[in-house]
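Peer 1: Sharing a structure, written as structure tokens. Questions coming.
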Amino acid sequence: QAPPDRGRVAVLYEPDPTAGYVLGLDIGRSWLRVAAADLDGTVVARSDVRNSGRSAAAMADLTVAAARRVVADAGVDPALVAHTVVGAPGVYDPERRRVRYAVNLPGWGRAGLLDRMREELGTPLSVHNDANLAALGEYTFGAGRGSRLFVFVMVGTGLGMGVVADGRLFTGAHGAAGEIGFLPTLPNGGRGLEDAVAGGAVVRTARELGMAHPGSAKDVFDAAREGVEPAVAAVRQEAERLAHVIAAVAAVLDPDLVVLGGGLGGGADLLLRPVTTTLHRIGPLRPRVRASTLGEDAVLMGAVATATEEARERVFTRSRETP
């Protein structure tokens, strides 16, 4: 039987995810990570390169070269790369087109640097704070899925935070929301929160407690797993400091979930229990605390998710308009 005459039957179109591609770039002090993905966010090629650049210009050149290699490895026509998202420490100033507060990447705020990368890659390019992208990565692909309001705390060379509320990133009036590394400690402490909590603080504490020659936070965590007492005590102090950070964040934002990531996120097996115990001891606000499930890929996957969102509508609109 023929259906009732109600006008033309709707035709459903499923967009072709290979109609365009995106690039996600994670620029860190030690590593440069690059991924190419289709418009569904499926990674088709990636590369992790040691950041051997001795200047911001050298870092930019390394990143551009790695991105070109990834596009070639994916067998993708460069003309189909619709958008590139860069994740890096600091806050991007769109008016001056430069990054501010990237203290762990000297020279990264230099004028014209990002414009040069945009030109050399030949794609639209946007820049986002790394902790914000990590939060989006965890929300889209990792531990934050389904959370109404969750906070990603990134602890590594520096200290940062990303906040996702009802699926949207909260960046504040000037893009600096989550720059918790700038929070002061006690007035006579002489250091900001970043110096008291980031990876260097763990090494410094372990050394002060008598550990011989800790070269990195990873060294301290590895020694703590073997029961080396100064390392165990240093990790315990780090957990207590993190708990105080989370308690302060909880008092302002009331998140249902806090995700620990960054370089020290790899020590979550040692941190989660003392962090939770300290949280229960120091206050009534006790959000769930979990480790990142994306690990070192959180920023990169957040960049991919953001680039995909920004590219999809443009690519599909262009496809519909093409006769």
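Peer 1: How many nm separate the modelled label positions at ALA176 and ASP269, each set 7 Å beyond the Cα in the direction of the Cβ?
Peer 2: Using points 7 Å along Cα→Cβ, the separation is 4.0 nm.
Peer 1: Hey, if you put +1 on the Cβ of every Lys and Arg and -1 on every Asp and Glu Cβ in the chain, which of VAL249, ALA72, ALA165 ends up farthest toward the positive end of that dipole?
Peer 2: VAL249
Peer 1: Heavy atoms of the protein only, probe of 1.4 Å, neighbouring chains included. What is the accessible area of GLU208 in Å², nearest 10?
Peer 2: 140
Peer 1: List residues of the range 99-124, by number, whose backbone nitrogen lies under 19 Å from a label position 7 Å along Cα→C-beta of GLU309.
Peer 2: Of the residues in the range 99-124, 124 have backbone N under 19 Å from the label point off GLU309.
Peer 1: Tell me the Kirkwood radius of the range 21-132: reciprocal of the mean inverse pair distance over distinct alpha-carbon atoms, in Å. It would help to have the intermediate numbers written out before the result.
Peer 2: On the way: mean 1/r = 0.0720 Å⁻¹.
Across the range 21-132, the inverse of the average 1/r is 13.9 Å.
Peer 1: Report, largest value first, the span of the C-alpha coordinates of the chain along each principal axis, in whole Å.
Peer 2: Per principal axis, max minus min of the Cα coordinates gives 78, 53, 38 Å.
Peer 1: Can I ask one more? Using 0.36 nm per residue, how much length does the chain from ARG116 to ALA58 gain when fully extended, once their Cα-Cα distance is taken away? The partial results should precede the final answer.
Peer 2: Values: separation 58, 0.36 × 58 = 20.88 nm, distance 1.20 nm.
So the chain would gain 19.7 nm between ARG116 and ALA58.
Peer 1: Let me ask something else about it. Taking a probe of 1.4 angstrom, what is the accessible area of ARG98 in Å², to the nearest 10?
Peer 2: Around 90 Å² of this residue is reachable by solvent.
Peer 1: Let me ask something additional. Probe radius 1.4 Å, ligands and nucleic acids left out: which of GLU120, GLU138 has the largest accessible area, and how do the rest follow?
Peer 2: Details: GLU120 70, GLU138 0 Å².
Sorted by accessible area, descending: GLU120, GLU138.
Peer 1: In whole percent, how big is the carbon plus sulfur part of the accessible area of the chain, probe 1.4 Å, protein atoms only?
Peer 2: Working: 8480 of 16470 Å².
Here it works out to 52 percent.
Peer 1: What does DSSP give for the range 143-293 in terms of the percent of beta bridges that are antiparallel, rounded to the nearest 5?
Peer 2: On the way: 11 of 20 bridges.
Of those bridges, close to 55 percent are antiparallel.
Peer 1: With a 1.4 Å probe and every protein chain left in place, work out the accessible area per residue of the chain in Å², rounded to a whole number. Could you put the intermediate results ahead of the total?
Peer 2: Details: 16470 Å² over 323 residues.
The answer is 51 Å² per residue.
The values are calculated or read from the model by the stated rules, or taken from the named source; none is laboratory data. Computed from a prediction, not measured in an experiment: that's the story for all the values here. Backbone-built Cβ (ideal geometry, glycine too); neighbour counts: all protein chains shown. Accessible surface areas use protein heavy atoms only, side chains included; no ligands, DNA or RNA. Shrake-Rupley method; radii C 1.70, N 1.55, O 1.52, S 1.80 Å.
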